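First up is the structure itself, then whatever we jot down about it.
The values are calculated or read from the model by the stated rules, or taken from the named source; none is laboratory data. Owing to the predicted nature of the structure, the values given are computational and were not obtained by experimental measurement. When we count neighbours, we look across all protein chains shown, and the Cβ atoms used for this are built from the backbone with ideal geometry, even at glycine. In case anyone asks, the SASA skips ligands and DNA or RNA and just uses the protein heavy atoms, side chains included. Shrake-Rupley method; radii C 1.70, N 1.55, O 1.52, S 1.80 Å.
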Amino acid sequence: MRHDRCLQCLSPLNTNAGWEALFSWKKPMLCDECQEKLRPLTAPWCVHCSRPLPVTESCGDCERWAKTKNWSGLLTRNVSLFLYDEHLQEVLSAYKYRGDVELAKMFADSLKQTYRKYFKKSIPVPIPLSEERLQERGFNQAAALAEYLPVAYKPLLMRRVDEAKQSKRSRHGRLRGHVRPFAVREDVKSLTGQHILLIDDIYTTGTTLRKAAIPLLHHGAGQVSALTVARS
Ligand SMILES: [Zn+2]
Ligand SMILES: [Zn+2]
């Protein structure tokens, strides 16, 4: 698919900028103005989840996770690239629902840099979609993002059943935290001592990522972290 217009505001992209125009993978997805509206996350922030803070420390939510039985220690750290504001929300939903895998490229440079800075030697694992959702959408946005990391990702996880539907069916189960939407694929050998890096588009409460960490840790992983595009 050709991208001659900004994904977000549809203004024409400047495609005659010398050499870059010859290399389609160098073409931007967003116009300069929309690109500049993205707000990269940097310190001071929460050392565990990237939430912006006045000073670098652990935020209240992460403190609570650390103190909650069955939830502490599941996720070592989440690093998000950008603040999930209204602008990024629009960019991400355009990406997800246009069914155009190539759009993940707009985050390629930031993903690579962040991987090298914080997660060298870890194994990227995209958060899977259920089969049903995958059919609907045509691609997994997390896997498309993971394509741009400097090392190959491994699809170690599977999603048992669509979580939203499962929790509707079993509201009781969900309230008690019994919904276990992820499992390690049957053909995966031991992960002993490995550092797994979950890849997803958004970190909201971090619940999904922690649920995904459970089977990986049971399978021997030494630690599980996350790299996400947006932090709400
Ligand atoms: Zn634009
Ligand atoms: Zn935090």
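Helices in the chain, meaning DSSP H runs of at least 4 residues, each add -39500 (n - 2.57). Divided by all residues, the mean residue ellipticity at 222 nm is -9000 deg cm²/dmol.
Extension gain, Asp32 to Lys154: 0.36 nm times the residue separation minus the Cα-Cα distance gives 40.6 nm. Given R0 = 22 Å, the distance between the Cβ atoms of Thr42 and Ala108 translates into a calculated FRET efficiency of 0.70. Estimated at the nearest 10 Å², the accessible area of Cys9 is 70 Å² with a 1.4 Å probe. Between Asp201, Asp187, Asp32, the residue with the greatest mean-square fluctuation in the GNM of the chain (Cα pairs under 10 Å linked by springs) is Asp187. Distance between the modelled labels on Lys96 and Glu186, one decimal in nanometres: 3.1 nm (7 Å Cα→Cβ projection).
With a 1.4 Å probe and all protein chains in place, put Ser110, Ser130 in order of accessible area, largest first. All intermediate terms of the calculation are to be shown ahead of the outcome.
Numbers: Ser110 30, Ser130 5 Å².
Accessible-area ranking of Ser110, Ser130, largest first: Ser110, Ser130.
In the structure shown, the pairs Lys121/Lys189; Lys27/Lys211; Lys69/Lys96; Lys112/Lys189; Lys69/Lys105 are assessed against 29 Å; a Cα-Cα span above that value is assigned to Lys27/Lys211; Lys69/Lys96; Lys69/Lys105. Of the residues His87, His48, His218, His195, ranked by 1.4 Å probe accessible area with the largest first, the sequence reads His218, His48, His195, His87. Once you sort the root eigenvalues of the Cα gyration tensor of region 95-168 as a ≥ b ≥ c, which label holds: rounded (a/c under 1.5), prolate (a/b larger than b/c) or oblate (the other case)? Judged from the Cα gyration tensor, region 95-168 comes out oblate (a/c at least 1.5, b/c at or above a/b).
Converting phi to 3J(HN,Hα) with the Karplus coefficients 6.51, -1.76 and 1.60 and the offset θ = phi - 60°, region 193-205 yields x, 6, 9, 9, 10, 6, 10, 8, 7, 10, 9, 9, 9 Hz in sequence order, with x at every glycine or proline. Normalised by the number of residues in region 15-145, the average gap of Cα pairs under 8 Å and 6 or more apart makes the relative contact order 19 percent.
The overall shape of region 38-231, judged from the alpha-carbon gyration tensor, is rounded, with an a/c ratio under 1.5. Given contacts defined as C-alpha pairs under 8 Å and at least six residues apart, what's the relative contact order of the chain, whole-number percent? Computed value for the chain: 21 percent relative contact order. Looking at the chain, the DSSP beta bridges with both ends there are about 25 percent antiparallel. Of all aspartates and glutamates in the structure, the ones whose alpha carbon falls short of 15 Å from that of Lys154, not counting any fewer than 8 places away in one chain, are Glu186, Asp187, Asp200.
Among Val79, Val161, the order of accessible area from largest down is Val161, Val79, computed with a 1.4 Å probe on protein heavy atoms. Maximal additional length on extending the Ser72-Leu53 stretch stands at 4.7 nm, based on 0.36 nm per residue less the C-alpha distance.
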